Amino acid sequence: MFNPKNLSPKQLSAFTALVLSVPISLGFWFLRPNWIITLVALCVTFLGSYLLIQFVLEWFIYRKIKLIYKFIYQTKANKREETYYKYILPQKSIDEVREDVEKWAEQRKAEIELLKTNEAYRKEFLQNLSHEFKTPIFAIQGYVDTLLSGAIDNPAVNRRFLENAAKNVDRMVNLAEDLDEISRLESGEQPLNKGLFVIQDLIKEIYETLSIKTSAKNIKTSIKKGCEAPVTVYADKEKIRQVINNLLENATKYGKQDGSIVSSIYKTDGRLVLIEFSDDGIGIGEDHLPRIFERFYRTDRGRSRDVGGTGLGLAICKHIIEAHGQTMHVRSKLDVGTTIGFTLDERTSIN
Ligand SMILES: Nc1ncnc2c1ncn2[C@@H]1O[C@H](COP(=O)(O)OP(=O)(O)OP(=O)(O)O)[C@@H](O)[C@H]1O
Ligand SMILES: [Mg+2]
């Protein structure tokens with residue numbers, strides 16, 4: 001369907017000029033039925049009105065539209081934009097201009113939404129942070145006050161109180177270190193020191209360092225049958241050690257007594273390796289799953305059992321894996337267990 005709204009200014013001028021010049025030249029024909037005069041009248045009125053309308057559109061309408069575009073982009077036009085204003089914009093129909101403005105408004109709306117969620121996130125972060133610091137500080141304050149007001153001379157409790165105070169100091173130190181780690185990761189200050197290493201060897205080393213914790217709960221650790229063949233990955237070994245350590249610590253903390261932890265390593269398409277850790281512990285409810293990678297997020301079960309840490313572990317893992325350009329994922333079922341993993345680049349040589 002013909003729609004004058006979709007015409008560019010040039011087409012619009014030509015269309016209007018035609019609408020004007022045809023009846024005028026027909027008028028000439030009725031006055032003097034001479035086809036040369038009629039043709040000249042048609043050409044002159046068409047050209048004259050075309051130029052006039054084009055001029056009016058350009059000067060009074062498209063100049064204003066150019067101003068709107070400049071405002072939208074809020075920059076002093078560079079060479080490319082100048083070319084755009086000069087040659088591309090005048091070809092745009094009013095409808096296309098409206099679409100551009102609508103697109104711009106949508107973008108602005110999205111930016112504002114993002115700012116709002118960031119603001120809410122910042123508030124929640126500060127609340128969580130002060131809560132996490134308050135707990136150990138008040139505990140330390142309690143023990144120190146009790147010791148000062150006489151308990152220090154009571155050999156039955158003084159050592160225990162000091163040990164408890166020291167435990168809370170450790171908790172605060174851990175928290176400060178985790179926060180420091182997260183902010184360094186977020187600011188991109190820590191460059192990755194990538195190299196080649198065999199993922200199974202690293203997992204076995206970490207099993208070894210965690211053996212005191214796993215054997216305390218009589219948890220068996222293993223590498224899944226069929227996944228033992230060494231796979232070389234290209235990544236920052238120490239950072240990946242931190243990730244696996246965090247994931248295996250979680251699997252132990254939230255794993256069941258006499259349970260098991262199994263690591264699986266799958267080659268996907270010859271480019272990526274999928275590394276997963278499965279436990280048969282308390283599991284994570286469906287409603288919590290999408291949030292466990294958030295800073296300070298802990299499920300109620302983790303809290304109530306009083307085994308959870310600060311809730312920063314998985315946030316740090318996610319940062320490290322994303323810094324490698326890879327992704328983390330989790331599957332879990334309450335009272336059945338959790339499988340959590342990530343991908344890495346598979347490589348046999350650095351080039
Ligand atoms: N393997 C798992 N089984 C069940 N729940 C888990 C598991 N891993 C993580 N979670 C849940 O996800 C939450 C977030 O884990 P995350 O490692 O970030 O924190 P955390 O273990 O509580 O503390 P941190 O690791 O900082 O000492 C945990 O508190 C726990 O509720
Ligand atoms: Mg953890």
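The values are calculated or read from the model by the stated rules, or taken from the named source; none is laboratory data. Here the structure is a predicted model, which means the values were calculated and not measured. Here Cβ is always computed from backbone atoms with ideal geometry, including for glycine, and neighbour counts include all displayed protein chains. Heads up: the accessible areas ignore ligands, DNA and RNA and are worked out on the full protein's heavy atoms, side chains in. Shrake-Rupley method; radii C 1.70, N 1.55, O 1.52, S 1.80 Å.
Please work out if R295 is closer than 29 Å to L126 by Cβ, out of contact with any strand residue (DSSP E or B) (no Cβ under 7 Å at 6 or more places or on another chain) and more than 7 Å from ligand 1 (Cβ to nearest atom). Let's see the steps before the verdict.
Details: closer than 29 Å to L126 by Cβ: yes; out of contact with any strand residue (DSSP E or B) (no Cβ under 7 Å at 6 or more places or on another chain): yes; more than 7 Å from ligand 1 (Cβ to nearest atom): yes.
Yes: the conditions hold for R295.
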Filtered residues of segment 238-276 (kept if of a type in the set (K, R), surrounded by fewer than 19 Cβ atoms within 10 Å (Cβ to Cβ) and within 23 Å of I316 (Cβ to Cβ)): R241, K253
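Given the criteria at pLDDT 90 or above, open to solvent by less than 80 Å² (accessible area, probe 1.4 Å) and not acidic (D, E), does A110 qualify?
Details: at pLDDT 90 or above: yes; open to solvent by less than 80 Å² (accessible area, probe 1.4 Å): yes; not acidic (D, E): yes.
When the stated conditions are applied, A110 passes them.
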Enumeration of residues in segment 163-179 that are farther than 13 Å from I137 by Cβ, within 35 Å of the chain's Cα centre (by Cα) and hydrophobic (A, V, I, L, M, F, W, C): L179
Near pairs, Cβ below 8 angstrom, 6+ apart or cross-chain, from segment 312-326 (outside any helix (DSSP H, G or I)) to any residue that is open to solvent by less than 20 Å² (accessible area, probe 1.4 Å) and within 9 Å of ligand 1 (Cβ to nearest atom): L312/L175; L312/F296
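For segment 233-258, how many residues meet the condition of being hydrophobic (A, V, I, L, M, F, W, C) and more than 24 Å from the chain's Cα centre (by Cα)?
Our first condition is that a residue be hydrophobic (A, V, I, L, M, F, W, C); within segment 233-258, this holds for 233, 235, 240, 243-244, 247-248, 251.
Subset that is more than 24 Å from the chain's Cα centre (by Cα): 233, 248, 251.
So the count comes out to 3.
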Long-range neighbours under 6 Å by Cβ, at least six apart or interchain, first residue among the basic types (K, R) within segment 275-292, second within 9 Å of ligand 1 (Cβ to nearest atom): R291/Y297
